[in-house]
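Input: a single structure, listed below in structure tokens.
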Amino acid sequence: MPYDNKKESEYGFIYGVSGPLVTAENMSGAAMYELVRVGHSELVGEIIRLNGDYATIQVYEDTSAITIGDPVLRTGKPLSVELGPGIIGSFVDGIQRPIKDFKNMTASKYMNGQALGRDIKWEFVPSKDVQVNSHVVGGDIFGFVHETVLIKHRILLPPNACGTVSYIASAGSYTISETILELEFGESKKAYSMLQVWPIREPRPVNESLAANCPLISGHRVLDALFPCAQGGKVAIPAAFGWVKCYALIFVTPCAQYYTLLRQICQPQKQICLYTRKSKIEKNRCFALILSILNY
């Protein structure tokens with residue numbers, strides 16, 4: 001039983017189940033939007049209502065395997081995501097569980113895994129502006145990682161951190177959990193890695209919000225006219241469950257040179273390359289590179 005080593009005060013019990021909504025009792029002291037683990041399979045859930053000793057939980061997985069009296073573990077933390085090198089090219093579900101691990105690690109549909117690989121080493125390059133005895137604050141860039149051919153991942157100091165640099169790692173290969181920076185503030189000393197865990201309901205702080213005044217032109221009249229999008233903006237794809245909203249990412253290139261470039265970039269990611277094809281409209285010389293995440 002996964003709860004044997006937990007204190008009795010850290011978990012409650014399922015009182016009622018209605019689809020994805022679960023009511024739990026003995027939840028006094030829990031907080032709104034707190035992350036909980038529901039049932040013996042430790043399904044991921046989030047508290048959305050508190051009423052006395054009872055809590056209403058939104059479960060983000062199938063609840064057919066849970067029953068009345070099953071334990072509900074309180075984590076004391078909000079639902080969060082992992083940020084760091086490796087997020088580009090990874091395939092996760094809506095709560096950032098690695099889809100690839102569903103096949104590689106377990107035959108069960110219930111799985112809790114780490115979104116970013118802890119064993120992968122990345123080539124870290126420290127920033128020239130950050131050295132020992134430098135003063136840094138949250139949001140300062142203290143290093144870089146070339147995550148892909150086109151993406152240079154900037155390693156930022158967490159927003160709530162500040163202090164004087166007492167140690168910064170030299171250029172080399174490190175995992176996202178290894179210490180690459182140490183800060184001193186007063187009498188305290190804290191270490192930082194390339195990994196940050198951030199609550200999903202808390203916006204990342206910014207110094208200035210830039211105006212979205214440049215359109216993202218796809219070249220397709222239907223998309224550009226009926227569904228315009230700004231560069232750096234957000235796009236929503238509304239659809240019901242099972243309508244394969246995240247089925248494929250399609251790159252359409254006007255010539256073979258761009259097609260070859262995209263092919264070279266995506267070639268190392270063999271697990272995501274479903275197929276490529278040449279457009280039937282030969283006069284337009286369009287090539288499509290289709291990447292799918294459903295071949296797991």
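A few remarks follow.
- Within segment 79-207: Cβ-based charge dipole about Cα centre, in debye rounded to nearest 20 (Lys, Arg +1; Asp, Glu -1): 420 debye
- Under the criterion of Cα pairs below 8 Å and six or more residues apart, the relative contact order for segment 79-207 equals 26 percent.
- Mean separation of Cα contacts under 8 Å (6+ apart) over length of segment 8-78, as relative contact order %: 41 percent
- All Cα pairs of segment 126-243, percent lying beyond 19 Å: 62 percent
- Of Leu156, Gly186, Gly94, farthest towards positive along the dipole that unit charges on Lys, Arg, Asp, Glu beta carbons give segment 79-207: Gly94
- Amide proton proximity set for Gly163, modelled H, under 5 Å, gap of 5+: Val136
- Cα centre as origin, Lys/Arg/Asp/Glu Cβ charges: segment 8-78 dipole, Debye: 160 debye
- Entries of Lys152/Lys234; Lys77/Lys121; Lys77/Lys128 with Cα pairs more than 30 Å apart: Lys77/Lys128
- Segment 8-78: C-alpha gyration tensor shape, a/c 1.5 cut-off, then a/b vs b/c: rounded
None of the figures in this text is laboratory data; all of them are computed from the coordinates on show. Predicted, not measured: the structure shown is a model, and the values here were computed from it. Backbone-built Cβ (ideal geometry, glycine too); neighbour counts: all protein chains shown.
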